[in-house]
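Trainee: My structure is below; once you've seen it, I'll send some questions.
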Amino acid sequence: MQLGGPSWDVALGWRDSTIASLAKANTDIPPPFASLSTLITLFSNKGLSATDMTVLSGGHTIGQARCISFRDHIYNDTDIDPNFAKLRQSTCPFSGGDDNLAPLDIQTPTFFDNKYYQNLLAKRGLLHSDLELFNGGSQDSLVRIYSYNAWAFTNDFVAAMIKMGNITPLTRMEGQIRLNCSVVNS
């Protein structure tokens with residue numbers, strides 16, 4: 001993988017929807033301001049455990065977020081490293097700049113690794129929901145483990161991705177088995 005992440009076998013023959021719905025796709029997506037209890041509930045509603053939630057959040061080791069999704073966190077939360085908040089404020093003003101981007105992982109934003117969890121230990125999570133994982137709650141010990149044990153993170157991540165991939169598959173005549181994954185069959 002170019003990003004250095006793990007790989008896993010994906011089941012073939014899955015049925016895909018023949019329509020796309022932005023509203024449906026965004027149903028139950030955890031908001032960036034969610035509390036730990038809200039995150040656990042949202043993941044549980046999909047059949048995923050708190051451990052699954054914490055390890056899947058490690059996907060934030062790559063990617064970026066829009067200023068609008070973390071502005072409140074960097075200006076108003078007190079559980080964030082002040083120097084990190086100030087750095088993020090330099091590209092995310094108090095008003096305006098909603099579409100300005102910042103990396104979710106300040107250390108290695110284009111490499112899949114466990115640095116995301118090290119950021120959480122240092123209170124450098126970009127989203128409020130990220131820092132909820134390490135804020136004196138039930139997931140603190142797991143965040144610590146993943147911060148120093150890349151093997152545990154990678155193995156648990158793969159298992160959780162496979163589990164997530166099995167959430168509510170289409171069956172029987174619903175959807176279609178695509179000939180080309182990115183195009184609805186004609």
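The values are calculated or read from the model by the stated rules, or taken from the named source; none is laboratory data. It should be emphasised that the depicted structure is a prediction, and the values quoted were computed from it without experimental measurement. Cβ coordinates were reconstructed from backbone atoms using ideal geometry, including for glycine residues, and neighbour counts include every protein chain displayed. Heads up: the accessible areas ignore ligands, DNA and RNA and are worked out on the full protein's heavy atoms, side chains in. Shrake-Rupley method; radii C 1.70, N 1.55, O 1.52, S 1.80 Å.
Trainee: For segment 19-115, max minus min Cα coordinate along each principal axis, in Å, sorted largest first?
Mentor: Taking max minus min along each principal axis of the Cα atoms, segment 19-115 gives 39, 31, 27 Å.
Trainee: Please list, by residue number, everything in segment 140-160 whose backbone N is under 11 Å from a paramagnetic label point 7 Å out along Cα→Cβ of S49.
Mentor: Flagged as within label range: 160.
Trainee: With each run of n ≥ 4 DSSP H residues scored as -39500 (n - 2.57), what mean residue ellipticity at 222 nm is computed for the chain after dividing by its residue count and rounding to the nearest 500 deg cm²/dmol?
Mentor: -11000 deg cm²/dmol
Trainee: Now for a separate question. Can you pull a Stokes-Einstein diffusion coefficient for the chain at 37 °C (0.692 mPa s), Rh from Kirkwood over Cα pairs, as a whole number of µm²/s?
Mentor: In µm²/s, the coefficient is 183.
Trainee: Using a basic spin-label model with each label point 7 Å from the Cα along Cα→Cβ, how many nm lie between Q64 and F111?
Mentor: 2.0
Trainee: Also, quick follow-up: So for E132, E174, what's the accessible-area order with a 1.4 Å probe, most first?
Mentor: Largest to smallest exposure gives the sequence E174, E132.
Trainee: In nm, give the distance between the simple-model label positions of A122 and D140, each being 7 Å from the Cα along the Cα-to-Cβ direction.
Mentor: Inter-label distance under the simple model: 2.1 nm.
Trainee: Counting Lys and Arg as +1 and Asp and Glu as -1, what is the net charge of the other residues whose Cβ lies under 15 Å from the Cβ of Q118?
Mentor: -1
Trainee: Right, here's the next one. Need one word for segment 61-115: rounded, prolate or oblate. Basis is the Cα gyration tensor (sqrt eigenvalues a ≥ b ≥ c); a/c below 1.5 gives rounded, then a/b vs b/c decides.
Mentor: oblate
Trainee: With r defined as the distance between the Cβ atoms of D79 and T41 and R0 fixed at 25 Å, what FRET efficiency is calculated, to the nearest 0.05?
Mentor: Here the calculated transfer efficiency is 0.75.
Trainee: Evaluate E = 1/(1 + (r/R0)^6) for D16 and T91, where r is the Cβ-Cβ distance and R0 equals 35 Å; express this FRET efficiency to the nearest 0.05.
Mentor: My answer for the efficiency is 0.40.
Trainee: Moving on. Using Cα pairs under 8 angstrom and six or more residues apart, how large is the relative contact order of segment 105-186, in percent?
Mentor: 21
Trainee: Please label the shape of segment 1-40 as rounded, prolate or oblate, based on the square roots a ≥ b ≥ c of the eigenvalues of the alpha-carbon gyration tensor (a/c under 1.5 means rounded; beyond that, a/b larger than b/c means prolate, else oblate).
Mentor: Cα axes put segment 1-40 in the oblate bin.
Trainee: Considering only the other residues whose Cβ falls under 14 Å of the Cβ of L104, what net charge follows from Lys and Arg at +1 and Asp and Glu at -1?
Mentor: Value of the local net charge: +1.
Trainee: Another question, then. Using protein chains only and a probe of 1.4 angstrom, how many square angstrom of I68 are accessible, to the nearest 10?
Mentor: Near enough 90 Å² of accessible area.
Trainee: How much accessible area per residue does the chain have, counting only protein heavy atoms and a probe of 1.4 Å, in square angstrom?
Mentor: Using a 1.4 Å probe on heavy atoms only, each residue of the chain averages 58 Å².
Trainee: If we count every other residue with Cβ under 11 angstrom of I62's Cβ, Lys/Arg +1 and Asp/Glu -1, where does the sum land?
Mentor: My count for the surroundings of I62 gives -1.
Trainee: Something else about it: Could you tell me whether segment 103-186 comes out rounded, prolate or oblate from its Cα gyration tensor? Rule is a ≥ b ≥ c as square roots of the eigenvalues, rounded for a/c under 1.5, then prolate if a/b exceeds b/c, otherwise oblate.
Mentor: prolate
Trainee: Would you mind checking segment 92-116 for residues with the amide N under 12 Å from a putative spin-label position 7 Å along Cα→C-beta of N149?
Mentor: Counting backbone N atoms under 12 Å from the label point, the list is empty.
Trainee: Compute the acute angle (0 to 90°) between the alpha-carbon long axis of helix 150-165 and the principal axis of greatest extent of the alpha-carbon atoms of the chain; round to the nearest 10°.
Mentor: 40
Trainee: Under 19 Å from a label point 7 Å along Cα→Cβ of N26: give me every residue in segment 88-117 with its amide N that close.
Mentor: Answer for this model: 96-102.
Trainee: Here's something else I'd like to know. If I fit a long axis through the Cα atoms of helix 67-76 and take the longest principal axis of the Cα atoms of the chain, what angle between them do I get, 0 to 90°, rounded to 10?
Mentor: Long axis of 67-76 versus the principal axis of the chain: about 30 degrees.
Trainee: Sticking with this structure for a sec: Taking R0 as 30 Å, what's the FRET efficiency between L179 and S7 from their Cβ-Cβ distance, rounded to 0.05?
Mentor: Working from the Cβ atoms, E equals 0.80.
Trainee: Whats the longest run of the chain with zero chymotrypsin sites (Phe, Trp or Tyr not before Pro) that are DSSP loop and have at most 12 other Cβ atoms within 10 Å?
Mentor: Counting only loop sites that pass the neighbour cut-off, the longest clear stretch is 95-186.
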